[in-house]
Amino acid sequence: MKSKLKGAQTGHDLLKRKSEALTKRFREITKRIDEAKRKMGRVMQIAAFSLAEVTYATGNDGIKYQITESVRQAKFRVRTRQENVSGVFLPQFESFQMEGTSEFGMTGLGKGGQQVQRSRETYTRAVETLVELASLQTAFVILDEVIKVVNRRVNAIEHVIIPRTENTIKYINSELDELDREEFFRLKKVKNVKERAAAAEELERQKRKQREDEKENNEGATKSEQPDGDGTKNVLGDEGDEDLIF
Amino acid sequence: MALPQSAYKDREFLAVIGDEDSVTGILLAGVGHVTDPPDSQKNYLVVDSKTENSVIEGAFESFTRERKDIAIVLINQHIADKIRGKVDAYNEAFPSLLEIPSKDHPYDPEKDSVMKRVRKLFGE
């Protein structure tokens, strides 16, 4: 039981430390999300502006339609990687360009090709920022979940398992103490009885001794006092009494 | 809590729900993908003033729940506002949902569902 308590306490310490490490990481990520979101605002603005340039250069809105309709295969894709933070796997998105699928090759061939190209680059960078932000955010969501679970466990151990074990240990201890006291009391009783018996025996022995002594004395006295003929016992039994003188 | 590999292994596309400008720009970066026919599905949705909310919700549902090949869903913030309840209720790790600003609507960190949670956690 004691070892169980010890185990619970060790587990509690470890989990608490884990929770602290995760929370630290979590705060870091939230800060970075905050920054990244603001950065995203700026980047998207620039990108939108570059698109406006494209529209202006090509001179018509048809380009947008052309782009949205000519989509076939994704060139820009993401790959997921894992990162380990104190036993928690956080995914990280990694963007990469698919080779061999060149899109929008003909877009803006007539006019504004340069603008289209530049806008494309701007947007690629913007989307890369977004991917970064997305991985931060995913980490945020997962960490949030994990921290909740870990904290729940820490609290469960701290407020339920440890007190319960302690109570059990206390109960066992008090029971053992009780047993100890009973045993002690029993021993005392036994000793008492024995002492009394010993005392009684002693008394008995002394009495016997006394009697024997007396007998011997009496025998001696009868032998010595026999010639007097006064060997009869004093009937009154006041041998030890002093004579009263009036 | 390690997520199973299958939860994100095949996810490699981004999905976009946004107004014409945002979608065009992001598609220009090479994000767009149309699956092979016969059941060809686009991974983007262009929303204009005439688009019904139910259509947006349908696209959102299909991107977040049905399709298993999407890693990130990008949605314009003013469109996310239209289906705010659904966006706020969504808290899965995959695909991750990202609210992005659009040309006409500057980014407002107060409305973002994740930023709201950040603020809540820091007690602001």
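Over 31 Å between C-alpha atoms is what I'm after, so list which of A:Lys31/B:Lys82; A:Lys37/B:Lys42; A:Lys24/B:Lys42 land there. With Cα atoms farther than 31 Å apart: A:Lys24/B:Lys42. Residue by residue along B:68-75, Cβ atoms of other protein chains within 10 Å of the local Cβ number 4 on average. Between B:Gly32 and A:Lys75, the built amide H atoms are under 5 Å apart, and every one of these is 5 or more places off in sequence or on another chain. Amide H to amide H, with H built 1.01 Å from N, B:Val73 comes under 5 Å of B:Ala15, B:Ser96, B:Leu97, B:Leu98, counting only residues 5 or more places away or on other chains.
Pair-distance distribution P(r) for region B:9-121, from all Cα-Cα distances in 5 Å bins starting at 0: 2, 12, 23, 25, 21, 11, 4, 1, 0, 0 percent.
The simple spin-label model puts a point 7 Å past each Cα toward its Cβ; for A:Thr168 and B:Ser113 those points are separated by 4.4 nm. Using the Cβ of A:Leu14 as centre and a radius below 13 Å, the other residues enclosed give a net charge of +2, where K and R count +1 and D and E count -1. Net charge of the neighbourhood of A:Ile46, taken over other residues with C-beta under 14 Å away and scored Lys/Arg +1, Asp/Glu -1, is +3. Beta bridges from DSSP with both residues in region B:9-121: antiparallel share about 5 percent, rounded to the nearest 5. Here A:Asn155 and A:Asn192 are evaluated by their C-beta separation; at R0 = 41 Å the FRET efficiency comes out at 0.15.
No lab work stands behind these numbers, since they all come straight from the coordinates. Computed from a predicted structure; not experimentally measured. Positions of Cβ are generated from backbone atoms using ideal geometry, with glycine treated the same way; all protein chains shown enter the neighbour counts.
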